[in-house]
Structures are given as structure tokens and as C-alpha cells.
Amino acid sequence: MAQRTQRPDVIIIGAGIIGLSVAWQACRRGLAVTVLERGEAGRGTSHVAAGMLAPVAEAEFGEDGRRLLELGLRSADLWPAFAAELQAAAGVEVGLMRTGTLLVARDEDEARELDRQAAFRDSLGLATSRLRPSEAREREPALAPTMRLALEASDDHSVDPRMVLAALRQACLQAGVELRERTPVLRLALDAAGRQLAGVELQGADGSRRSLAAPRAVIAAGAWSGQLDGLPAAARVPVRPVKGQILRLRDPSGPGLLRRVVRFGGGYLVPRADGSYVLGATVEERGFELRPAVGGTYELLRDAHETVPGVSELEIEELCVGLRPGTPDNVPVIGHGSLEGLIWATGHHRNGILLAPLTAALVVEMLAGEGPVDPLLPACSPRRFTAAAARPGSGQPVAAQAGRS
């Protein structure tokens, strides 16, 4: 696409599902948007994701879990309208499947844990149903006959991220977003006082260093968000890569092995309408390591076979490795940091696909300067980390905490 001659209103750094969703919605609101992507749009971590929209199935204990649940439920409610609008804008499907999720226990230990999880969800008022093995197998006959217990989350669904990304790219271009691929951001440019964003320095297609001025920017660079140069130490947000291995499988006989997402102790199986499946996913703290490992792949296949024996008849299409963006508490960072003009939209860990519509809505509200602060934003504020980094003698203790996995 030809480069815009006038200065953009906002630069989006990163063209995964978060960056593209923000760009599309911001452009629809009348803002001039330029997206800068170091590689190819939609080919990073979002391209690898399974696409579960599962706030109920993924509910976790603790205060951080409660905050994630609130975000997830809000965004899950937005997904049907978001998908419909995106399909209408792009003219292509996004693979939304509203068939629910089954959490299954394969032995007595897992059944006791699933009972505990069911009671926890009941205490939160979440809609789930306990199923005897026979009831679960009526819903999904491919489940192993040795299964002990199941929990159905009928409001948890899934979407095909690759279809969503293709639609978002098309919708962005049709709306007038300037998308610059293979254009790495080298550093953020600040004003003379070092307190306000002035733009970015980037690498052009010919390898030259160039400047692009803008009053505002959104950092949506996923696991690489914490690597941007030019930020003062006190304005940085700790974002780390969390490696995940995922297998993409296909049934040569077509769809039908599973209708619902099935989650088990070692992972999950996500069906697609075309007879393909996503089996995932490992959670590994290995920095930016992208090489696949036999151990993690073997464990995924073993656990999946014990849960759905028919998996052994599927064909392996692809082994994918992605890097989720995690924060110290694994709650996303969405909002204004300590540098004026800079908005963060990253750190979504395992929930980037689920939280894309909500993140886009929140960021566009900030860009437009409309209305009161959303009650969900304080929990996601980047300042929960930057304030700690700015304290004298703090040694940035927050950034050193181990994240939950």
C-alpha cells in the first residue's frame, strides 16, 4: 500500500490480532492510522493461537484470576457482534463456532480436581453443568470410555484466528489504514524534555533509518513490546515471552470427530468446521526460544489420545511455536503509561484472541478521549509496573516476580 503523506493521528506498533483490531476500530472512528509491523501482518503469535473464547473454562483462583475473568466475560459478550461486523466489512468468514466447551477428567485424581473447579465456578455464578461419563459421551461420542467426569461450559466458544486475521487485514485496508509490513520500529522518539512521544524511528524497506512523527502511539507488539528502545526506564512495562507449542491436525474423513472444544489435564482440542483440529498447548518459560521440542509434542499427543482415542487417526499438518506476551501477574497492560502520548495494549498471555474486541474498544475510547474511565481499566493499568520501577531503590521488584503459568 502507498505510504501516507500526512502525519498519522496514531501509530500502531504490531499487526497481530490486537494491533489490527485497534487499527480497524480507530480508523472507523475517523482517525488516520499507520500500522508498523516488523514482519508480515498476522503471521506472529496470533497466527499460531488456538482461538478459544473460554473465560469460564479458564477461570482461575486468586485476585489476578478474578480480574482476568471480568475482562474475559466482557470481551466474550462482544465477540458475536465483533465477528458479524468484521465479516460484513471484509466479506469473509471468521470461523466463529458457538458449540461450547467440555472439561474432562480421565482418572479419579482429575475428577476430584474437576469437582473443585466446578464448585469454584458455582461460587462465582458461572454457568456450568456437571456431566456423568455417559452424558458427556452422548454429547461427544469420541471421548474415551474410561473418562470419569466432565464439566460443560456451554457459553465458551471458539474462533479461527487465521480467518480473523485475514479478515482484519482486509477490513483495515478497506477502511483506509496504512499498513507498513517488514518495517521494524528501531526506537521511540521523544520530545526534548523526554516526557512526551514525538514519533518513532523505523527501518525502511531499503534498510535506511527514517523518522515518522505522530502525537500518539499504541504498543501492541506482543512478546516484543518490552524490547522497544527509546523508553525511559521508569516508563517501561515488563513483558516476557512465554513459549507455546501447538499441533494442527486434520481428519482425512472430514469433520465430525468432535463438535465442542475439549479440555483435559494436559491441554485442549479445538475443532474447526473444515475437519481440522488444534491440539495445544505447552506453557514454557524459555525466553525467545522458538525451536520445537520432542518432549512437549509427545506429551500433548499422549494426553490427547488418552482423552479422544480417535486423535491417533488424524494427520499432522503443522507443528507451530509461538511466544505469548506475559506480564508479572499475567493480566494485560491496557492504557496510558507514564509517557504522554503512549498507550499500551499488550501482555494478553493466553487470552489475546478472546480479549481483542474489548482491548480495541478500550483503546479507541482512550484515543478518542470519550467518556469516563472504564471500571476495568485500573486493573490493567501499565502504571502498576511503571510506578514501582520509578520508586528510588526499588530495583524493579515487580518485574522480577515469577508469572503464573
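The values are calculated or read from the model by the stated rules, or taken from the named source; none is laboratory data. Quick caveat: nothing in here was measured; it's all calculated off a predicted structure. All Cβ positions, glycine included, derive from the backbone under ideal geometry; neighbour counts span all protein chains shown.
In this structure, is Leu69 in contact with a helix residue (DSSP H, G or I) (Cβ under 9 Å, 6 or more places away or on another chain), surrounded by fewer than 20 Cβ atoms within 10 Å (Cβ to Cβ) and part of a helix (DSSP H, G or I)? The answer is no for Leu69. Considering only segment 280-295, I want to know if a residue exists there that is out of contact with any strand residue (DSSP E or B) (no Cβ under 9 Å at 6 or more places or on another chain) and surrounded by fewer than 23 Cβ atoms within 10 Å (Cβ to Cβ). Yes, segment 280-295 contains at least one residue that is out of contact with any strand residue (DSSP E or B) (no Cβ under 9 Å at 6 or more places or on another chain) and surrounded by fewer than 23 Cβ atoms within 10 Å (Cβ to Cβ). If you go through segment 1-27 and keep only what is in a strand (DSSP E or B) and surrounded by fewer than 24 Cβ atoms within 10 Å (Cβ to Cβ), you end up with just Val10.
The listed residues are Glu37, Glu70, and the only one of them that is out of contact with any Ser or Thr (no Cβ under 9 Å at 6 or more places or on another chain) and modelled with pLDDT of 95 or more turns out to be Glu70. Could you say whether any residue in segment 220-229 is under 20 Å from Leu179 (Cβ atoms), assigned to a strand (DSSP E or B), among the aliphatic types (A, V, I, L, M) and assigned by TED's automatic domain parsing to the domain that holds Pro382? Scanning segment 220-229 turns up no residue that is under 20 Å from Leu179 (Cβ atoms), assigned to a strand (DSSP E or B), among the aliphatic types (A, V, I, L, M) and assigned by TED's automatic domain parsing to the domain that holds Pro382. Of the residues making up segment 126-150, those that are hydrophobic (A, V, I, L, M, F, W, C), closer than 25 Å to Ser312 by Cβ and touching a residue at least 60 places away in the same chain (Cβ under 8 Å) are Ala142, Leu143, Ala144, Met147.
Residues checked against (1) within 16 Å of the chain's Cα centre (by Cα); (2) in the same structural domain as Val218 (by TED's automatic domain parsing); (3) under 25 Å from Val242 (Cβ atoms):
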{"position": "Leu36", "(1), (2), (3)": "no, yes, yes"}
{"position": "Ala54", "(1), (2), (3)": "yes, no, yes"}
{"position": "Arg66", "(1), (2), (3)": "no, no, yes"}
{"position": "Gly72", "(1), (2), (3)": "yes, no, yes"}
{"position": "Gly95", "(1), (2), (3)": "no, no, yes"}
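Within segment 280-321, the set of residues being hydrophobic (A, V, I, L, M, F, W, C) and either assigned to a loop (DSSP other than H, G, I, E, B) or farther than 27 Å from Val239 by Cβ (or both) comprises Ala281, Val283, Phe288, Leu290, Ala293, Val294, Leu301, Ala304, Val308, Val311, Leu314, Ile316. Is it the case that some residue within segment 268-276 is without any contact (Cβ under 8 Å) to a residue 40 or more places away in the chain and of a type outside the set (Ser, Thr, Tyr)? Within segment 268-276 (the criterion being without any contact (Cβ under 8 Å) to a residue 40 or more places away in the chain and of a type outside the set (Ser, Thr, Tyr)), the answer is yes, since at least one residue qualifies. When Thr99 is tested against (1) out of contact with any helix residue (DSSP H, G or I) (no Cβ under 8 Å at 6 or more places or on another chain); (2) closer than 30 Å to Pro378 by Cβ; (3) among the polar types (S, T, N, Q), only condition (2) is not met. On the basis of being among the β-branched types (Val, Ile, Thr) and more than 30 Å from Ile18 (Cα to Cα), does Thr99 make the cut? No. Going by the conditions given, is Glu58 of a type outside the set (Gly, Ala, Ser), touching a helix residue (DSSP H, G or I) at 6+ places or on another chain (Cβ under 9 Å) and farther than 30 Å from Arg187 by Cβ? The answer is yes for Glu58.
Name every residue in segment 217-234 that is touching a helix residue (DSSP H, G or I) at 6+ places or on another chain (Cβ under 7 Å), under 17 Å from Thr386 (Cβ atoms) and buried (at least 23 other Cβ atoms within 10 Å of the Cβ), in order of residue number. Once the filter is applied, which keeps residues that are touching a helix residue (DSSP H, G or I) at 6+ places or on another chain (Cβ under 7 Å), under 17 Å from Thr386 (Cβ atoms) and buried (at least 23 other Cβ atoms within 10 Å of the Cβ), segment 217-234 yields Val218, Ile219. Of the listed requirements (1) under 24 Å from His336 (Cβ atoms); (2) in a loop (DSSP other than H, G, I, E, B); (3) in contact with a strand residue (DSSP E or B) (Cβ under 7 Å, 6 or more places away or on another chain), Gly30 misses just one: (3).
The set of residues in segment 304-338 being buried (at least 17 other Cβ atoms within 10 Å of the Cβ) and without any contact (Cβ under 8 Å) to a residue 40 or more places away in the chain is empty. Can you pull out every residue in segment 87-103 that is surrounded by fewer than 19 Cβ atoms within 10 Å (Cβ to Cβ) and of a type in the set (A, V, I, L, M)? Ala88, Ala89, Val92, Met97, listed by residue number.
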